[in-house]
Amino acid sequence: MKQYILPSLKLTLVLLVLCSIIYPLFVAAVGKLTPGGGGDGETVKVNGKVVGYALIGQNFTNDKYFWSRPSAIGYNAAGSAGSNKGPTNPDYLKQVQNRIDTFLVHNPGINKKEIPAELVTASASGEDPDLSPAAAKVQVKRIAAIRHLHENKLNSLVDEHTDGPLLGFMGPSKVNVLKLNIALDELK
């Protein structure tokens, strides 16, 4: 039995150093050498001032902006988590219904069936920064009325900020809400 204990302890120590110290330091060093955020995430700046991070959802509730996907964690980037409530949980169903009701109040002329699910359900991480083009376009009528813009101009803006699937076939098309709202503010 002693013949197995010493090699096991040595292997445990080697793996502990490798996995807990060397590998994380290597990943951090590679991250610091990457262009963009220097390992600190892709910051979005307006007039030289950081206004957010491109890969973390932001809370937009003002009617003159495109709304983000709801967050299960209150858009707190310190932790990533879903709500862990199943689709039959009464509290969850009430929360989704409240989001639907709120969306319909702020978007008159839209019926319940036109609301994409992502606008009333939180993502698994709770920090999703993107929407589908359909989820952005369903909000165009509200924003056009408030900002006194033509809907065609806003639809074009959404199209300009739509990223296609990765490599043309992996995943859905998406729109980064923060970048879209910045572009919206820059419209004359």
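Readers should treat all values here as calculations from the given coordinates under stated rules, not as data from a laboratory. Because the structure is a prediction, the values reported are computed rather than measured. Quick reminder, even Gly has a Cβ in these numbers, built from the backbone with ideal geometry, and neighbours come from all protein chains shown.
Which one, (i) 1.11; (ii) 1.37; (iii) 0.99, gives Cα Rg over 2.2 N^0.38 Å as derived from the coordinates shown? The listed entry that was calculated here is (ii). A straight Cα-to-Cα reach below 15 Å connects Lys85 with none of the aspartates and glutamates, residues fewer than 8 places away in its own chain not being considered. Think of the stretch 47-186 as a dipole: +1 on every Lys or Arg Cβ, -1 on every Asp or Glu Cβ, centred on the Cα centre; then among Asn155, Thr102, Asn76, Thr102 lies furthest on the positive end. For the stretch 76-110, trypsin sites (Lys or Arg not before Pro) are listed when DSSP marks them as loop and at most 15 other Cβ atoms sit within 10 Å of their Cβ; the list is Lys85. Computed about the Cα centre, the dipole magnitude for the stretch 87-186 is approximately 380 debye when only Lys and Arg (+1) and Asp and Glu (-1) carry charge, each at its Cβ.
Within the listed set Ala78, Ala124, Ala134, the Gaussian network model of the chain (springs between alpha-carbon atoms below 10 Å) gives the highest mean-square fluctuation for Ala78. Within the straight-line cut-off of under 25 Å between alpha carbons, the lysines reachable from Lys141 are Lys64, Lys112, Lys113, Lys153, Lys174, Lys179, Lys188, sequence neighbours fewer than 8 places apart in one chain being disregarded. Net charge within 15 Å of Val96 by Cβ-Cβ distance, Lys/Arg positive one each and Asp/Glu negative one each, not counting Val96 itself? With Lys, Arg at +1 and Asp, Glu at -1, the net is +3. Dipole of the chain computed with +1 at Lys/Arg Cβ and -1 at Asp/Glu Cβ about the Cα centre; of Pro165, Val27, Tyr53, farthest Cα towards the positive end is Val27. Each Lys and Arg adds +1 at its Cβ and each Asp and Glu adds -1 at its Cβ; summed about the Cα centre, the chain shows a dipole of about 220 debye. Compared with the dominant principal axis of the Cα atoms in the chain, helix 23-33 is inclined by about 50°. Under a Gaussian network description of the chain, with springs only between Cα atoms under 10 Å, the residue in Gln139, Gln58, Gln95 that fluctuates furthest is Gln95. Springs join every pair of Cα atoms under 10 Å in this Gaussian network model of the chain, and among Asn111, Asn76, Asn59 the largest mean-square fluctuation is at Asn111.
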